[in-house]
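Notes follow once the structure below has been shown.
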Amino acid sequence: MGEEPSARSGADSGPPLAEVTSAVVPPRAVPRPFALRPAVLRLRVLRLRAAGLRGPSRGAASMDPVTWAIAAIVFSGYAAISLFRLMQLNPTSWDLGIYTEYVKQYSLLRAPIVDIRAPGFNLLGDHFQPIVALLAPFFRVFPSAATLLVAQALLAAASVFPVSRLAREKLGPGPGRAIAISYGFAWGLQQLAEFDFHEIAFAVPLLAFSLAALARGRIKATVWWALPLVFVKEDQGFTVAAIGGYLIVSGLRARIPPPGARGDPGGRGRMVAGQFLLIWGIAWSFVAIGVIIPHFNADHVYQYWTDGGVLAPGGHRSAFGLARQFGHAWPDKLQTVVMLLLPTAFIALRSPLILIGVPSLVLRFVATDSSFWGTYWHYNATLMPVIFLAAIDALARIGAAMDADPAAAGPAGWASGRRGRWHAAQAGARRYGAAMMVAIAVVLAFQFPLSTLWNASTYRISPHVQAAEAAMAHVPDGATVLTTLDLLAPLAARTDTFWIGNSGNPQTQYIVFDGGYSPAPANVPAFIASLYPPHTYTEIFAAGDVYVFRRTR
């Protein structure tokens, strides 16, 4: 019957395994592919790093507890800055009162008539900002100006996630968290919280998510996040167009590569998406400025053209005049540019993503209103995600270039300085960039509103505020009231409010006066009597310099 196969040995066991393999498989069939494997793997790693897929998975940042902690601290800090300012009745402008009235009208399913801006004024005749209506359902449940401030802090905190996520994917967990801290407390976002509430708070997370997707190469996500920007404010369409222009150029570069390189078939998709965003952004800005806003404006004009200098209606338009207007007060404008780039240690200049912020800055610098030029107001908030995401992209590009250079790590590598100062600077940015951003953020924190959080006066409620609260309690809900700047937002949440500084105000049911009027009247009752016929209003409350008058006839 024969022996069991396992009992065979020696010559009976057949030829060696290597001989069988070589006899069955041609020698070149196995060794050659495996000989190329290290080079193939290295090439793939370099491509992944250049594409920003290095490090943790795409969802890692959203699950990272440190990122959540950073976002929570950002929210808490900015909410505290703005809410305690509201509690102290210390607004920086009338904007919070205006937007409180605006959202209240939407919550009641009414046209956005904001009497604070001017009697009977439809706010869509001032700016095109329908996205703010998204707060109306929340205001219906919590009818207070605080609802807007909390929402603004949430929007700023939400923008931390796409920035942190991109940084972790491209640079790793440590630098990602460091950059998230630097971005979350960037001075531009601090100024947004300091100056009450503005519609551009919605643009901050939309830009952050859109540009993070753009840097990641996710074109559909880039488009979807960019589309709503045109409903934030009429000038945001130009930023959307800039994103479209970036996609078009990158698509062209992909389809028409340098000699010796292969073209990217995905370039066509980028070009189509870019063309769509370009048309979408420009069209909405022109429709908003030329049609929608004039339609709702009482004078049927876009009134901010009057601040346009050579661009204003009737202005003498010329390239020289426009250049001179743009360069006017250049020290202030240059300081703004430096301050914008400083939080990223100027690393953002290494990335073409920085160009997406140019239209916003040009529109501000060409204006004749000096409040647009500097760092004092909230206008720089929308540039913060652009600049930080550009810095992340720049660091990733530097890393990819160094990884692709065989001599980058040698004795004559980039960091040694033997390849030139530019290469040495880039090597330093790659190694210390995130740490420098954190250090700069800490220094700037003492110069901007964040420093008020550890000041006891930020949380102190004065007797004047208590008197003002008692005065406002005399005004019933739904009444018409004329008041001063400090009380606009609290009263606008529940009454039809008019600002005493406007002309053409009607005779309201109540007048609440607590200062904030220039020049300050020496005798408030006599001042109120001088505004209207005698005995029209009767004083019903007085405490310190706070008064309430009720209409008697």
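So the values come out like this:
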quantity: Counted charge near D514, where neighbours are those whose Cβ lies closer than 12 Å (Asp, Glu -1; Lys, Arg +1); calculated: -3
quantity: Vicinal HN-Hα couplings computed from phi for segment 434-448 (Karplus, 6.51 cos²θ - 1.76 cosθ + 1.60; Hz; Gly/Pro x); calculated: 5, 5, 5, 4, 5, 4, 5, 4, 5, 5, 5, 4, 7, 9, 10
quantity: Interchain or long-range residues, amide H under 5 Å from F541's placed H; calculated: V548
quantity: Per residue accessible area in Å² of segment 145-194, where ligands, DNA and RNA are left out and the probe is 1.4 Å; calculated: 18
quantity: Relative contact order computed over segment 172-229 (Cα-Cα under 8 Å; 6+ residues apart), in percent; calculated: 24
quantity: Reach of K220 by Cα under 23 Å, taken over lysines that are not fewer than 8 positions away in the same chain; calculated: K170, K233
quantity: Carbon + sulfur, % of accessible area of segment 487-534 - ligands and nucleic acids excluded, 1.4 Å; calculated: 58
quantity: Whole-Å distance, taken between Cα centres, linking segment 479-524 and segment 171-234; calculated: 37
quantity: Segment 213-220 - phi-based ³J(HN,Hα) in whole Hz, Karplus 6.51/-1.76/1.60, Gly and Pro as x; calculated: 5, 4, 5, 8, x, 9, 6, 4
quantity: Karplus (6.51, -1.76, 1.60) ³J(HN,Hα), θ = phi - 60°, over segment 380-390, in Hz, Gly and Pro reported as x; calculated: 8, 4, 5, 7, 4, x, 4, 5, 5, 5, 5
quantity: Packing-based ranking, highest mean first, of 380-392, 298-310 given that Cβ atoms within 10 Å are counted; calculated: 380-392, 298-310
quantity: Protection proxy ranking, peptides 109-115, 315-321, 356-362, average beta carbon neighbours within 10 Å, highest first; calculated: 356-362, 109-115, 315-321
quantity: Accessible area of segment 124-262 belonging to carbon and sulfur atoms, whole % at 1.4 Å probe; calculated: 69
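The values are calculated or read from the model by the stated rules, or taken from the named source; none is laboratory data. Keep in mind that this is a model prediction, so the values were computed, not measured. Every residue, glycine among them, receives a Cβ derived from its backbone with ideal geometry; neighbour counts consider all protein chains shown. Ligands, DNA and RNA are stripped out before the accessible areas are found, and what is left, the full protein with its side chains, is counted by its heavy atoms. Shrake-Rupley method; radii C 1.70, N 1.55, O 1.52, S 1.80 Å.
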